[in-house]
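Below is one structure, written out as structure tokens; the observations come after it.
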Amino acid sequence: MINISKPYLPPLDQYNRYLAGIWERKWLTNNGPLVQELEDKLKKYLGVKHLLYVNNGTIALQIAIKALGTGGKIITTPFSYVATTNTILWEQCKPVFADINTNDFNIDVKKIEALITADTIAILATHVYGNPCDVDALKKIADKHGIKIIYDGAHAFGATYNGKQLLSYGDIATCSFHATKVFHTVEGGAIITNNDELAQKMTLYRQFGHVGDEHFSIGVNGKNSEIHAAMGLCLLPMMPRFIEKRKQLAALYSQLLANLPFQFPLPLPNTSYNYSYYPVVLDAEERLNAVIYSLKENGVNARRYFYPSLNNLPQFKGESCPVSESISKRVVALPLYYELEEAKVINICNVIKSCYL
Ligand SMILES: *Cc1c(COP(=O)(O)O)cnc(C)c1O
């Protein structure tokens, strides 16, 4: 089966050289030298002041929310992975869904102000598929109302907006380095901020709330290991090549699918995209089901991503969000990864085209 994503693994001897050092030192976790090296390199790559390497993108969101305070309302997007909303509830806050816009499927900045009340503490928005939210408009709204912004940047690693890394925007941004993402460390994630006070708080949360015998707060275990950091150190230098190859494959898809009645996300001007996904929005849900079925018959797992719209999940009980509901019923992410062969892309497009004959 061809899946929508396939993790790239570095040459084994390269990874083994890092393992040899770990075996030598017997320092496996708790802020070891490879974790520190990865954090330094990621900070440089992103051009940010603080970056905490953590064990996954979900704990990154949990720690970020906790740092802004508990119990309040958080305005968020219904068009994201379920972890985005889960973490809001997990941290005892209340999600309030603002619908998305029809261009890039990110939170609709025009829908936010009407939802802000005295107990709103933050906006948690996702850079969907790695395309930037309208970060300038969101900052204006947040500043005006004295609330904070967290970006779920799980898809955003390597994308830039107005010449800056997208993950550098917001009071806090989080990322996932899960095996299925553009850049991975098997499992892993990061919390990014330029705010010293938040960074200090979140550093404590990541390590149970204490330093040695001094206990400062409650905390959780968000640390990641030397074994995981080693994977990141092998793969980080590959980023330009990862993005370039994905760009070529995406261009091939676009060329082959040009005559079909598909909608594609349209990023804001001044975006340099990381090609983390190749999503297409079809004309109707029945057609989407037919396309997914035909692809499966031909050994291809396309993925409904994101589906369903999160406001429709019973545990979240959100208000209706018609745009998100409509897009999520018709969108599918096609396979896109570094080692995907062009012949496979041509095959996939032929199967899709056959559904429109
Ligand atoms: C992958 C993903 C997450 C969760 O990241 P994990 O590292 O798997 O915990 C959160 N939000 C979005 C949008 C994601 O795609």
Of Ile75, Ile22, Ile88, Ile59, the only residue that is modelled with pLDDT of 95 or more, in the same structural domain as Asp196 (by TED's automatic domain parsing) and assigned to a strand (DSSP E or B) is Ile75
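Out of Gly32, Gly69, which single residue is modelled with pLDDT under 95 and open to solvent by less than 30 Å² (accessible area, probe 1.4 Å)? Walk me through how you get there before you give the answer.
Values: Gly32 fails: modelled with pLDDT under 95.
The conditions single out Gly69.
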Checked against (1) out of contact with any Asp or Glu (no Cβ under 6 Å at 6 or more places or on another chain); (2) open to solvent by 30 Å² or more (accessible area, probe 1.4 Å), Pro335 satisfies every condition except (2)
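Every residue in the range 99-121 that is of a type in the set (A, V, I, L, M, F, W, C) and more than 26 Å from Lys181 (Cα to Cα), please. Even if it seems obvious, please write down each step before you answer.
Going residue by residue through the range 99-121, those that are of a type in the set (A, V, I, L, M, F, W, C) are 100, 105, 107, 109, 112, 114-116, 118, 121.
Those that are of a type in the set (A, V, I, L, M, F, W, C) and more than 26 Å from Lys181 (Cα to Cα): Val109, Ile112, Ala114, Leu115, Ile116, Ala118, Ile121.
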The condition from (1) crowded, with 18+ Cβ neighbours inside 10 Å; (2) touching an Asp or Glu at 6+ places or on another chain (Cβ under 9 Å); (3) not polar (S, T, N, Q) that Leu46 misses is numbered (2)
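Is it the case that some residue within the range 51-68 is in contact with a His (Cβ under 9 Å, 6 or more places away or on another chain) and under 19 Å from Thr126 (Cβ atoms)? Before the answer, list the steps.
Pass one, the range 51-68, residues in contact with a His (Cβ under 9 Å, 6 or more places away or on another chain): 53, 55-57.
Narrowing the set further to residues that are under 19 Å from Thr126 (Cβ atoms) leaves 56-57.
Checked the range 51-68: at least one residue is in contact with a His (Cβ under 9 Å, 6 or more places away or on another chain) and under 19 Å from Thr126 (Cβ atoms).
Conditions tested, residue by residue: (1) surrounded by 15 or more Cβ atoms within 10 Å (Cβ to Cβ); (2) assigned to a loop (DSSP other than H, G, I, E, B); (3) in the same structural domain as Leu249 (by TED's automatic domain parsing); (4) not small (Gly, Ala, Ser).
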site: Val280; (1), (2), (3), (4): yes, no, yes, yes
site: Glu286; (1), (2), (3), (4): no, no, yes, yes
site: Leu295; (1), (2), (3), (4): yes, no, yes, yes
site: Asn311; (1), (2), (3), (4): yes, no, yes, yes
site: Leu340; (1), (2), (3), (4): yes, yes, yes, yes
site: Ile346; (1), (2), (3), (4): no, no, yes, yes
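The values are calculated or read from the model by the stated rules, or taken from the named source; none is laboratory data. Since the structure is predicted, the reported quantities are computational estimates derived from the model, not experimental observations. Cβ atoms come from the backbone with ideal geometry, glycine included; neighbour counts cover every protein chain shown. SASA here: full protein model, heavy atoms, side chains in, ligands and nucleic acids out. Shrake-Rupley method; radii C 1.70, N 1.55, O 1.52, S 1.80 Å.
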